[in-house]
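A short worksheet on the structure shown next.
The values are calculated or read from the model by the stated rules, or taken from the named source; none is laboratory data. Note that the structure is predicted; figures quoted are calculated from it, not measured. Note that we place each Cβ from the backbone using ideal geometry, even for glycine, and neighbour counts take in every protein chain shown. Calculation scope for accessible area: heavy atoms of the full protein, side chains included, ligands and nucleic acids excluded. Shrake-Rupley method; radii C 1.70, N 1.55, O 1.52, S 1.80 Å.
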Amino acid sequence: MANSKPRILNNNRDMVWSLIPLVVACLIIAAIASQCTLSPGGPTQGPIPNFDADAALQYDASELSFPIRDPAVPEDWTPNSGSRKSIAGDQGGDVSNVGFISGAGRFIRLAQSNATEDVLVPFAVGGTRYASGAQPVDGYDWVLYEQQGSESVWVTDLGDVRLLITGSGTTDEFTTLAEATTNAKPLKP
């Protein structure tokens, strides 16, 4: 005599009763590992990582062959990231990056490089972009690379260095960072 029901008598209710112990076991493991939280009011802003942008830019100024500027951003902006990368090729060069979280909680990144604009923009955004306009800011013309559904990119050429701003910031926040950067004196190596 068979111990189980014939296969034809199994249904969705049997499947649910089989899965319940698995789901309970997964919840217990997640709770023990503290990987599960309940937030009825929605997600909350976590702590912003601490990054010493002044020290990073000063170090880049002493190591790189082009002038590096340390912009005086508003007090409610927090530097949260930075890196230094290289773009290979004839028109490539070094790129010094610093990221900020604006007072409104939006991320804005400043890149300073001796690479040409034609190489720097695709490197910064990970693909091809085409210029879509220009924005004069404090006596400098910034070339805009805007694409539907993507972050804006602003680039200006100061002769010995290209400045690139990108991120989820507003036009006012981009303008603030553009002014702060072009008004900053190059750091001494």
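For this structure, a couple of remarks:
- Search result, residues across segment 135-169 that are touching a Lys or Arg at 6+ places or on another chain (Cβ under 7 Å), part of a loop (DSSP other than H, G, I, E, B) and either buried (at least 22 other Cβ atoms within 10 Å of the Cβ) or among the hydroxyl-bearing types (Ser, Thr, Tyr) (or both): Ser168, Gly169
- Output for segment 69-96, where each listed residue is under 17 Å from Leu158 (Cβ atoms) and either open to solvent by less than 20 Å² (accessible area, probe 1.4 Å) or free of Cβ contacts under 8 Å to residues at least 24 places away in the same chain (or both): Pro71, Gly93, Val95, Ser96
- The condition (being assigned to a loop (DSSP other than H, G, I, E, B), under 18 Å from the mean Cα position of the chain (by Cα) and not hydroxyl-bearing (Ser, Thr, Tyr)) is satisfied by just one residue among Pro67, Pro40, Pro47: Pro47.
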